[in-house]
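What follows is a set of notes on a single structure, which appears directly below.
The values are calculated or read from the model by the stated rules, or taken from the named source; none is laboratory data. Small disclaimer: the values here were computed from a predicted structure and weren't measured. Ideal geometry is used to build each Cβ from the backbone, glycine not excepted, and the neighbour counts take in all protein chains shown.
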Amino acid sequence: MNRMGTSTRLALPLVAVGLLAAACGSSGGSGANGTNAAGATNGGAAGSSGTVTVKSASGSAGTYLTDGSGRALYLWTADTGGKSVCSGACASEWPPLTANGTPAAAGGVEASDLGTVARSGGAKQVTYGGHPLYYYAGDSESKDTYGQGINSFGAKWWLVAPSGSAITGSAGSAPSATAPSYNY
């Protein structure tokens, strides 16, 4: 004999529908709202067609590329031939900047240097000067450059100058007491 009450039997399907709707709402991919798999803003406007803006900012390391929200963008010296080899745990720590459409340039960034390259899962990763672009998970706010000069996953990570070259001369912004510390 089933001892489950009527209200419990009715609530279970509603809970299942709610969980399914929540799972569909957070696909983890690059969505039309301008976010990447890590949930980082790519600089696209909410509700846009996925346009990503790349611009520049100045800090202690010099002038470097950011997304439209001011989050620092990095290149990885292990990438060759304009292709990303950062996946799995690497892409979790260094989320790729992805776009649904053609990336836009602003503030000292050359539109002719912007492009995209297909990732293994089908997403389009934004490139600049042939370098795939990434965020650093330890950068939580605009102007953070904690990833500058880190050697992780077997190679160095550098901020990108508007010229398209790596900025290798100085360290990133000093970590605060709340900044994560990663040892790879």
Practice task
Check Ala155 against each of (1) over 16 Å from the mean Cα position of the chain (by Cα); (2) farther than 15 Å from Ser87 by Cβ; (3) modelled with pLDDT of 95 or more and name the one condition it does not meet.
Solution key: (2)
Practice task
For segment 70-179, please list each of the strands (runs of 3 or more DSSP E) lying entirely inside it that holds at least 1 residues being small (Gly, Ala, Ser).
Solution key: 114-118, 155-160
Practice task
Residues being surrounded by 20 or more Cβ atoms within 10 Å (Cβ to Cβ) and over 15 Å from Ala105 (Cα atoms): count how many of those fall in segment 49-68.
Solution key: 1
Exercise for the section: Search segment 52-64 for residues that are within 13 Å of Tyr128 (Cβ to Cβ) and pair each with any residue that is at pLDDT below 95 and not β-branched (Val, Ile, Thr) when their beta-carbon atoms are under 6 Å apart and the residues are at least 6 apart or on different chains. Expected result: Val52/Asn42; Val52/Gly43; Val52/Gly44; Thr53/Gly43; Lys55/Gly107; Ser56/Gly107; Ser56/Gly108
Exercise for the section: Note down all Cβ pairs under 9 Å where the first residue falls in segment 109-137 and is without any contact (Cβ under 8 Å) to a residue 60 or more places away in the chain and closer than 15 Å to Ala161 by Cβ, the second is of a type in the set (D, E, K, R) and assigned to a strand (DSSP E or B), and they're at least six residues apart or on different chains. Expected result: Val109/Lys55
